[in-house]
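Worksheet: one structure, shown below.
A short reminder: the numbers here are calculations on the coordinates, not readings from a lab. Just so it is clear, the structure is predicted and the values come from calculations on it, not from any experiment. Note that each Cβ is placed from the backbone with ideal geometry, even for glycine, and that neighbours are counted across all protein chains shown.
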């Protein structure tokens, strides 16, 4: 029995893909193939793909902040110099729209039970929150906004909770974050703002796990 558990653990730790410094394991693929909560690594991979592939021609406009950096920003609270050190290498002051995946984890290590999306629109000087489960992450999102208002030098920025398509289960919140990002960017490209963004289609949510798996395979992932 111990040998069997060891083989399963070995399989789960097998590297499937290394992409711009992000490593996906077999355990990440198992998450995508099941009805499981997306972890930091999968969202970080997808954000990196958006930055380096899908929207590479919009490098001056969009910044996709990883879940890991977003979590550290939330835990920093009023230590604003630390926030500046985290953000400065990403050149946030040169970007027009900044995307942050937020979760309700209260520790610096990976964890939590729910994701939502926070977007800062520099042209509108406004933070927009999109949450697929009511305003479940209101507290966590508010903490990050307090830090970002200082770190991004936008102390007078507005903060709006936006209508968002609501999840139909307890595990697809991360999928909604990813789908919301793409839906919002399509609107930005045509409108230039985040006003009146249409709610995303549920078809996007249903298909997204399979789409990510195909994407990983197309990049050479051994799945």
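Our estimate of slack between residue 218 and residue 187, defined as 0.36 nm per intervening residue step minus the Cα-Cα distance, is 8.5 nm.
Gap in Å between the Cα centre of region 16-93 and the Cα centre of region 139-171? Cα centroid of region 139-171 versus Cα centroid of region 16-93: 17 Å apart.
Packing, taken as the mean count of other beta carbons within 10 Å per residue, orders the peptides 75-82, 141-148 from highest to lowest as 141-148, 75-82.
The order of 43, 178, going from fewest to most other C-beta atoms within 10 Å of their C-beta, is 43, 178.
Rounded to the nearest 10 degrees, the inclination of helix 2-12 to the longest alpha-carbon principal axis of the chain is 40 degrees. Helical content alone sets the calculated 222 nm signal of the chain at -13500 deg cm²/dmol, taking -39,500 (n - 2.57) per DSSP H segment of four or more residues and averaging over every residue. A simple spin-label model places the labels of residue 158 and residue 23 4.5 nm from each other, with each point 7 Å out along Cα-to-Cβ.
Relative to its residue count, the chain spans a Cα convex hull of 130 Å³ per residue. Divided by 2.2 N^0.38 Å, where N counts the residues, the Cα radius of gyration of region 62-162 comes to 0.97. In region 114-156 the Cα-Cα distances spread across 5 Å bins starting at 0 as 6, 23, 32, 21, 13, 5 percent of all pairs. Taking every alpha-carbon pair in region 163-214 and binning the separations at 10 Å intervals from zero gives 24, 52, 22, 2 percent. Neighbour counting of Cβ atoms within 10 Å sorts the residues 162, 179, fewest neighbours leading, into 162, 179.
Axis of helix 173-191 versus longest Cα principal axis of the chain: the two differ by about 40°, to the nearest ten degrees. Compared with the dominant Cα axis of the chain, that is its longest principal axis, helix 67-76 is turned about 50°.
Pull up the DSSP beta bridges for the chain and report the antiparallel fraction as a percent, rounded to 5. DSSP beta bridges in the chain are roughly 65 percent antiparallel.
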